[in-house]
Amino acid sequence: MKLVRALGSVGGLTLASRILALVRDSLAARYVGAGFASDAFNGVAFRLPNMFRALFAEGAFSAAFIPLFNRKAAGEGGLPAGYDFAQRALAVLLPVLILFTGILIAAAWPITWALSGGFSRQNPTPEQFAFAVMLSRITLPYLALISLASLLGGILNSLDKFWVNAAAPILLNLSMIAGLWLFHGADEYETARVQAISVTVGGALQLAWLMLACRRAGVSLKLRRPKFDADVKELLRLIVPAAAGAGASQINLLISTALSGWLLASGSITYIYYADRLNQLPLGLIGIGLGTILLPTVSRMLSRGQEAEAMETQNRGIELALFLTLPATVAFLTVAEPIVRGLFQYGRFTAEDAMRCGWALSAFSIGLPSYVLVKVLTPGYYARGDTKTPVRYAMLSILVNIVGNIAMIPTLGHIGPPLATALASTINVAMLYRTLVKRGHFHADAGLRRRLPRLAVAAILMGAALLAGEHLLDPWLTGAMVQRYVALCLLVGAGVALYGLASVAVGAYRLSDIKALIRRKSAT
């Protein structure tokens, strides 16, 4: 049950971070609203840092670095050999990041245009577009900061200090909350500038936190002259395909945002952004936590020849992922609009904005199980040193996303991009799963096959009950802030209780399973 305990630690901290992110976004909705300023920040200036965080901190670098680090640490040299490899990786990574960040800052104008489609439907003035470019230049240093933090976080994860790395994003959210709460401007443009500054400040805080944690763990990396030896070349060879494989959903979202800026009216990017942030809450709690834990765990098991244990761990990972994501999917399909109203319908964010954002959230939620399963299945490839297969499937899913966007935006408007993203992610998961099974690297055991249909039934029963009773909380969801949060807590609490009862009632989990879990925890 180490997987459950580790997920509880990482998931709890990630949940705290995502709750703070909702507070941050609620403040942003109040002070910035849904217009050009919010589209410029959410669609471009903040999209790039979010994408690189997902690709590097939670994806590519970890996927490439952790198996190599564990291989070195498990060899004759032990942990000192692993630390030596980390120092050599840092020596190459640091100058590359400085150069890359400088190039991006210099090229901020074309990057902003590419990521936003030039905001064509919004027809911005030259001053407005220059403002969007300025926001991008302010946030771009975050890319280097979070990439360096990912190296330190990868080392800590390999040492089973998962909680330290999981706590780092909390600092970014606290920085942005402080900026919005204490320094918001007289209009939405001034406030968007404050948001951009607080992103880079938050990145510096994250890096400082992980440096301190590494020092306390006895890890001290010294700068060396860059040298492209065999180990570093292997790391670089693995990073690029891992970035596309692990970050397919982020790349899909990036493409969707660009097409939205090109084809959709003002506010559409913001609707999609806030819907994605809500969709990211269960994804962050479950998918990122499981992905963070499974990769070092499975890679260690395989390096010791423990194939059966690795298979068992992956089965339980999928079971946990779907146990937690199926109810979230059903909730977002049935009560998305009330949730958005309670969180974001303040000040500049109107009732119509909340309704449109709710539609986007429902569309995103269709792909929520697949977003999480990508995080659970890809470690089965990375732990075996295969980063090419996930990237091939990721490229196919990106193609599906582009075609889906082009086909759906003219008819479905801002609902088209999230729906296309969900479809692309589902196809990606289907290909990843089929190949693992075909290679003999995964098979669903009896426990997984028994529980999954029952969990689906339990989630549907919960959704029906929420849909029938959500009108009782409607007056509270547009009241004062305390009333809103109380109503949202009641809604979430009722959903959790109903799902738990339904899971036991339909036999997804027996009381004996729960007692056995408690006994195992007590024994450890």
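Does ALA81 fit the bill of being free of Cβ contacts under 8 Å to residues at least 12 places away in the same chain and either surrounded by 15 or more Cβ atoms within 10 Å (Cβ to Cβ) or in contact with a Phe, Trp or Tyr (Cβ under 9 Å, 6 or more places away or on another chain) (or both)? It is true that ALA81 is free of Cβ contacts under 8 Å to residues at least 12 places away in the same chain and either surrounded by 15 or more Cβ atoms within 10 Å (Cβ to Cβ) or in contact with a Phe, Trp or Tyr (Cβ under 9 Å, 6 or more places away or on another chain) (or both).
Among the residues of the stretch 340-375, those identified as over 22 Å from the mean Cα position of the chain (by Cα), within 30 Å of ALA321 (Cβ to Cβ) and touching a residue at least 24 places away in the same chain (Cβ under 8 Å) are ARG341, GLY342, ARG356.
Take the residues of the stretch 13-58 that are charged (D, E, K, R) and in a helix (DSSP H, G or I): which is modelled with the lowest pLDDT? Selected residue: ARG53.
Exactly one residue among ILE272, ILE293, ILE286 is in a helix (DSSP H, G or I), surrounded by 24 or more Cβ atoms within 10 Å (Cβ to Cβ), assigned by TED's automatic domain parsing to the domain that holds PHE46 and modelled with pLDDT of 80 or more, and that residue is ILE272. Counting the residues of the stretch 126-162 that are within 30 Å of ALA73 (Cβ to Cβ), assigned to a helix (DSSP H, G or I) and of a type outside the set (Phe, Trp, Tyr) gives 16.
For beta carbons closer than 6 Å, sequence separation of 6+ or different chains, a first residue in the stretch 434-452 that is free of Cβ contacts under 8 Å to residues at least 40 places away in the same chain and among the acidic types (Asp, Glu) and a second that is in a helix (DSSP H, G or I) and surrounded by 13 or more Cβ atoms within 10 Å (Cβ to Cβ), there are no qualifying pairs.
So that you can scan it fast, the table gives a plain yes or no per residue for (1) under 15 Å from VAL330 (Cα atoms); (2) over 24 Å from the mean Cα position of the chain (by Cα):
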residue: GLY404; (1), (2): no, no
residue: GLY413; (1), (2): no, yes
residue: VAL429; (1), (2): no, no
residue: ARG439; (1), (2): no, yes
residue: LEU448; (1), (2): no, yes
residue: MET462; (1), (2): yes, yes
residue: PRO475; (1), (2): no, yes
residue: GLN483; (1), (2): no, yes
residue: VAL486; (1), (2): no, yes
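What are the residues in the stretch 342-355 that are in a helix (DSSP H, G or I) and surrounded by 24 or more Cβ atoms within 10 Å (Cβ to Cβ), if any? Result: GLY342, PHE344, ALA354.
Applying the set (1) among the small types (Gly, Ala, Ser); (2) at positive phi; (3) modelled with pLDDT of 90 or more to ALA178 leaves exactly one unmet item: (2). Would you confirm whether any residue within the stretch 115-130 is at pLDDT below 80, surrounded by fewer than 17 Cβ atoms within 10 Å (Cβ to Cβ) and of a type in the set (Lys, Arg)? Scanning the stretch 115-130 turns up at least one residue that is at pLDDT below 80, surrounded by fewer than 17 Cβ atoms within 10 Å (Cβ to Cβ) and of a type in the set (Lys, Arg). Is the stretch 177-185 home to any residue that is farther than 21 Å from THR297 by Cβ, assigned to a loop (DSSP other than H, G, I, E, B) and touching a helix residue (DSSP H, G or I) at 6+ places or on another chain (Cβ under 9 Å)? Yes, the stretch 177-185 contains a residue that is farther than 21 Å from THR297 by Cβ, assigned to a loop (DSSP other than H, G, I, E, B) and touching a helix residue (DSSP H, G or I) at 6+ places or on another chain (Cβ under 9 Å).
For ALA444, the requirement of being of a type in the set (Gly, Ala, Ser) and assigned to a helix (DSSP H, G or I) is not met.
One residue is enough: does the stretch 138-157 have a residue meeting the conditions assigned by TED's automatic domain parsing to the domain that holds ASN70, more than 20 Å from the chain's Cα centre (by Cα) and of a type in the set (Gly, Ala, Ser)? No.
Each residue in the stretch 383-423 was checked for being buried (at least 24 other Cβ atoms within 10 Å of the Cβ) and outside any helix (DSSP H, G or I), and 2 of them qualify.
The values are calculated or read from the model by the stated rules, or taken from the named source; none is laboratory data. These numbers come from a predicted model, not from an experiment. Every residue, glycine as well, gets a Cβ built from its backbone with ideal geometry; the counts of neighbours run over all protein chains shown.
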